Amino acid sequence: MRALIAATVVATIFGVASCGSDPLMPDVTGQKLDQAKTTIKAAGYDDDIKVDGGGIFGIFKESNWEVCKQTPKSGSSFTTKPKLSVKRSCTKAKPEPTATATATPSATPTPTQKPTSPKTAEPVDDKTLTVKNSPELAALLNIQDECDSKIGKFAKKFAGRTIRFNGSVVNVAPYGITVASGNKGPNTVRGVIFKVDDTDWSEGDLVKVEAEVGEFNDFQCLFSLDIADLAAR
């Protein structure tokens, strides 16, 4: 009987110790940030996670950022707060091989051929682009992903042109603000994110934007605007 009781006590103590063992850090490198956080939480860690990276304005959409490094390493106990270092992509794109140009004999023009004159560029319409007069701007403001390659194409095509739209302040940083079309401010979950060099606003402010088209930073997924007029609405 005593042996049976002793065995039961030992088994009970062992079971309690097993159930109370510390969670271990899983391997989340290569995962998207939102997935990595879910994986860590599922492993038993339910506290804050530090994230390094994301540029000046931080991370707008976690699914667009990839975990390149992690602390602690996989299989280690959570003795310190987990830290994830993220980039848009952890793998460097290999440079494409340059094609070797081969000389081709030029065709001898026949007497009936006429020399062609270079095409002259069509005059650029200088009117301000709005969602009413520009289907391309309307399509841009309805893009689902703030990192869509179509944003860069729009920026190159309409560089220096003036656009006008209604938006709201998504984020305020020491070096400027980010603005999105619509009224959702920091709760915006899709669409183009515009960078504006102005800090005299608060998150969620509704604004009327009139600005010249600048460059699109495809690493931070920020579309820079040179503000002509930014007013409350």
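Structure values in brief
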{"item": "Any hit, region 126-146, residues being touching a residue at least 40 places away in the same chain (Cβ under 8 Å), more than 28 Å from Glu62 (Cβ to Cβ) and surrounded by fewer than 17 Cβ atoms within 10 Å (Cβ to Cβ)", "result": "yes"}
{"item": "Number of the condition not met by Gly20 [criteria: (1) more than 19 Å from Cys221 (Cβ to Cβ); (2) at pLDDT below 90; (3) under 21 Å from the mean Cα position of the chain (by Cα)]", "result": "(3)"}
{"item": "Considering residues of region 59-106 that are buried (at least 16 other Cβ atoms within 10 Å of the Cβ), β-branched (Val, Ile, Thr) and assigned to a strand (DSSP E or B) only, the residue modelled with the highest pLDDT", "result": "Val67"}
{"item": "Qualifying position, being farther than 30 Å from Ser149 by Cβ, without any contact (Cβ under 8 Å) to a residue 40 or more places away in the chain and among the acidic types (Asp, Glu), among Asp48, Asp34", "result": "Asp48"}
{"item": "Segments classed as strands (runs of 3 or more DSSP E), wholly inside region 147-215, with at least 3 members that are modelled with pLDDT of 95 or more and surrounded by fewer than 20 Cβ atoms within 10 Å (Cβ to Cβ)", "result": "162-173"}
{"item": "Selected residue (criterion: modelled with the highest pLDDT) from residues of region 216-229 that are touching a helix residue (DSSP H, G or I) at 6+ places or on another chain (Cβ under 9 Å) and outside any strand (DSSP E or B)", "result": "Cys221"}
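The values are calculated or read from the model by the stated rules, or taken from the named source; none is laboratory data. All figures in this text were calculated on a predicted structure; none of them were measured in a lab. Every residue, glycine among them, receives a Cβ derived from its backbone with ideal geometry; neighbour counts consider all protein chains shown.
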